[in-house]
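The values are calculated or read from the model by the stated rules, or taken from the named source; none is laboratory data. Source: prediction; values computed, not measured. With ideal geometry, Cβ positions are generated from the backbone for all residues, glycine too; neighbour counts draw on all protein chains shown.
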Amino acid sequence: MPCDHLQSVLVLPRLGGLLVTGVLVVATPVTAGNDDPTPVMPDVDALAAVADRPVLDVTLGIWFPRLEGIVDIGPDGTPLDVGDDLSLDDSQAIFNGEARVQAGRWEFLIGGYVLEAEGQATLSQAARIGGLLAPAGTAVASDVDVWSITGEIAYEIFTPFQDRRFPWSAPIDRATGNRTSDGRPIIDLRVEALLGTRVLNLEQEYDLAGVGTVRTNNAWVSPYLGVGLEIDWVSKDTIGFLDRITLDVTAGWGPAFNGGNSIFTVRVDGAFHVTRDLAIILGYRLTDFDLVREETSYNGGLQGLFAGVRYTW
């Protein structure tokens, strides 16, 4: 009995040791797995689903345009420079807003502005305006109002850093070296073709002291074609206080119906995203128009710097 009891005492520690060893062996892969330095790559399908969800962003800001060009109010009107002759070229601070919806490769935009320019000048030479003959030295009080509404549809035709370079191309492997920890491309590039329509209304009033007043009020519709380029840099790993920086350039040209010739537009925006959803916008806007109606013409436009904020939902 003593021997049997002694054997039992010796065997139990061995079994315990084996059990402990077994636990350690089983636990070892778990510990090694936790220490594995290999990064876990984001789910490509999940990222694609997030990228394709509809996104709405609204831009509200102040545009500082100058009215430029040559106005000729017939019949047999005298061409007058809105700056040198009528003093209408002072910069104006006006509200400019845009709303944009993105869904996959499609983008839908609507925007508009209203400008009122006023000037006081003295004619340096005799001029015929709207059938009235004003001698040199006539004081002219000018008032020009311009409002415009734009609707635009754009489609991305070239996206070299996305899963499809072209819409019709086969899927390509995404470059893992061009990804942030949350799966966004560090550098992204998009080239798009766009189709839009602009409605522009131009109202003019010239009060010629001692002679009379001339008024015109006309609207034009201009469908246009254009191109857009957007470069997006996710800068959060380089510039800590900015999530990303985006440069967006868009240009479009089209005929102006209802008696006009053409309207050309340019938008340039630099967006500095302080968060994923909020950005400060600094940019430039140009609307150049060559408009004619019933012996009255205006060849000029608006151009100036733009500043605002953009919020994305």
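Summary of computed values
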{"quantity": "Test for Ala279: is it crowded, with 19+ Cβ neighbours inside 10 Å and closer than 26 Å to Gly61 by Cβ", "calculated": "yes"}
{"quantity": "Where Asp269 falls short, out of the listed (1) crowded, with 18+ Cβ neighbours inside 10 Å; (2) touching a Phe, Trp or Tyr at 6+ places or on another chain (Cβ under 6 Å); (3) of a type outside the set (Ser, Thr, Tyr)", "calculated": "(2)"}
{"quantity": "Enumeration of residues in region 276-313 that are under 14 Å from Glu68 (Cβ atoms), without any contact (Cβ under 8 Å) to a residue 40 or more places away in the chain and either among the aliphatic types (A, V, I, L, M) or not assigned by TED's automatic domain parsing to the domain that holds Val214 (or both)", "calculated": "Leu286"}
{"quantity": "Top-ranked residue of region 261-313 - restricted to ones that are assigned to a strand (DSSP E or B) and polar (S, T, N, Q), ranked as modelled with the lowest pLDDT", "calculated": "Thr296"}
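For every residue, the table says whether it meets (1) farther than 30 Å from Phe289 by Cβ; (2) modelled with pLDDT under 90; (3) surrounded by fewer than 15 Cβ atoms within 10 Å (Cβ to Cβ); (4) in contact with a His (Cβ under 6 Å, 6 or more places away or on another chain).
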position: Ile149; (1), (2), (3), (4): no, no, yes, no
position: Ala175; (1), (2), (3), (4): yes, yes, yes, no
position: Pro185; (1), (2), (3), (4): yes, yes, no, no
position: Leu200; (1), (2), (3), (4): no, no, no, no
position: Tyr206; (1), (2), (3), (4): no, no, no, no
position: Thr213; (1), (2), (3), (4): no, no, yes, no
